[in-house]
1. Could you work out how much longer the chain between ARG84 and VAL155 gets when fully extended? Use 0.36 nm per residue separation minus the Cα distance between them, nm to one decimal.
2. Would you mind checking which residues have amide H under 5 Å from MET79's amide H? H placed 1.01 Å from N; only 5 or more apart, or other chain.
3. Would you work out if the stretch 93-170 is rounded, prolate or oblate? Take a ≥ b ≥ c from the square roots of the eigenvalues of the alpha-carbon gyration tensor; rounded if a/c is under 1.5, else prolate when a/b is larger than b/c, oblate otherwise.
4. By count of other Cβ within 10 Å, fewest leading, how are PHE78, PHE166 ordered?
5. May I ask you to evaluate 6.51 cos²θ - 1.76 cosθ + 1.60, the Karplus curve with θ = phi - 60°, for each residue of the stretch 125-133 and list the ³J(HN,Hα) values in order in whole Hz, giving x for glycine and proline?
6. If each residue of separation counts as 0.36 nm, what is the full-extension length gain between HIS58 and ASP191 once their alpha-carbon separation is subtracted?
7. Can you compute the modelled spin-label distance between SER124 and LEU201, with each label point 7 Å from Cα toward Cβ, in nm?
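Please treat every number below as a calculation from the coordinates, not as lab data. Note that the structure is a prediction, hence the values are computed from the model and not measured. We place every Cβ from the backbone using ideal geometry, glycine too, and count neighbours over all the protein chains shown.
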Amino acid sequence: MALKSMEMLSKMRIKPVSKNPSVNQRLFSSVLTCLLTLSSLPAMANDPWETANTRIYHFNKFLDSWLLRPIAVGYNNFMPAVVRQGVGNFFSNIDDVNVLANDLLQLKLREAATDSGRLIINTSVGFAGVIDVASSVGLSKNEEDFGQTFGRWGVGAGPYVVLPLFGPSSVRDSVGLVLDTIFNPIQYHEDDSLRTTLLVLGQLDDRASIIAMEGLISGDEYLFIREAYLQQREYLVNDGAYYDDMDEF
């Protein structure tokens, strides 16, 4: 599996959360506003494994700097924008399978109806999702995963952890990641070479999509990414109803 260095950015789908720019803009604005508030206060993250996490973070960054980022830069430079958009749409459509499953597990029936409609329309009329027809008819993409589902039903995030290759996570989200992988339809393609190609291409597309946003990181990169990741996950678990800890001060 290709690494996701610049980890928080790729987790934020900064890996954009949505192919809809307005959704990403609202999310980025919320997270960055929170970070500016937190920057003047001591870090409050649950990070008991910080020493090990920091080492894994630097390992991921080293691999990214020497392997994935140069390939992603070349991908952006030489691949036409319309092709990159089609690739992104294709993988977004595959992700809608996982999103739909978690809509149902969270009893979000309205969102499930929207996401099932997206999946049907884009898979058929949109040529396996290469063209995002659903968004053009008002069916916006939602963002759900198993980590969010666990959080929805009261499972705490647990300690922060940096996973080798995968980047920032928590104990809860690490378990969710396993289930997200199981629910990825690409994993069940019978052709091993095609399956591997698609998995690698998906990670490359994710990495290439965040290059322009790397400049958002400032100060201590590890702390910035940790706080941004945790705040972003809280934002998603609470469906944007962000709880501001600063109200207690």
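1. The span from ARG84 to VAL155 would gain 21.9 nm if fully extended.
2. Counting only residues 5 or more places away or on other chains, the set is empty.
3. The shape class here is oblate.
4. PHE78, PHE166
5. Along the stretch 125-133, the couplings run 5, x, 6, 6, x, 4, 10, 8, 5 Hz.
6. 44.4 nm
7. Placing both labels 7 Å beyond Cα along the Cβ direction yields 2.4 nm.
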